[in-house]
1. For residue 200 and residue 234, what is the calculated FRET efficiency with R₀ set at 30 Å and r taken between the beta-carbons, to the nearest 0.05?
2. In what order do 20, 245 fall by count of nearby beta-carbon atoms within 10 Å, going from fewest to most?
3. Starting with the fewest neighbours, write out 55, 152, 234, 92 ranked by other beta-carbon atoms found within 10 Å of each beta-carbon.
4. Rounding to the nearest 10 and keeping the result within 0 to 90°, find how far the Cα-based axis of helix 211-222 lies from the longest principal axis of the chain.
5. Please tell me the relative contact order of the range 159-246 in percent, rounded to the nearest whole number, where contacts are Cα pairs under 8 Å and at least six residues apart.
6. Counting only C-alpha contacts under 8 Å and six or more residues apart, can you give the relative contact order of the chain as a whole percent?
7. Let me have the 222 nm mean residue ellipticity of the chain computed from DSSP H runs of 4+ only, each contributing -39500 (n - 2.57), with the sum over all residues rounded to the nearest 500.
8. Name the residue, out of 59, 68, 127, whose mean-square fluctuation peaks in a Gaussian network model built on the chain with Cα pairs under 10 Å.
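Please treat every number below as a calculation from the coordinates, not as lab data. As the structure is a computational prediction, the values presented were derived from the model and not from experiment. Every residue, glycine as well, gets a Cβ built from its backbone with ideal geometry; the counts of neighbours run over all protein chains shown.
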């Protein structure tokens, strides 16, 4: 496997698990994230195939530098895993500060757009042409948690981005799919396992599942030939209360 991937949010949680799984399978991976030390920790185990790049996905110049670094190192981009994200502010819509709303939109939506923009341009221009983009949607791309207007709105918007990329990428051999993940066990979701607010106002622990299964699902999506695509894949803890959030 000599294919090249860019993974955002690669230093922790889902991004780290995906990066390690791809690297173990022989991919060359540009590891993007805010915390350089976490990226370097992942990269240390794969000195030939991992490239840590400190990246702010909300900054166009920083994102461009990420993709330039990957192409300078390996010559092309075959896969983008658009994973970086934040839960953003909690509260009913009247309790959310506009600045906090905008910050969530910048990371979750604009960040995904900027990375997709650079990946799409690279995949369109390279020879052989094409590649794949996998967006991290979330169960919240389907149904909200209480008090999650900013996060839920951005994740619904990711679905629109996924569909548009899928359509616009067809002439250039660029496939795009989305993985919607519910309660994978990571540091970011640790609180859910101890107690999460439910639709009826109660607080209850929710089941989680091993993040390794997410990484393997993304690897499956990534390693399909470009004439096949998983458009949407939902993976969640079996007994997670996500169907109507009840």
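1. Step by step, r from the Cβ atoms, then E = 0.80.
2. Fewest-to-most Cβ neighbours within 10 Å comes out as 245, 20.
3. 92, 234, 152, 55
4. Between helix and principal axis, roughly 40 degrees.
5. Computed value for the range 159-246: 36 percent relative contact order.
6. Relative contact order, the chain: 18 percent.
7. Mean residue ellipticity, 222 nm, calculated: -12500 deg cm²/dmol.
8. Of 59, 68, 127, the Gaussian network model singles out 127 as fluctuating most.
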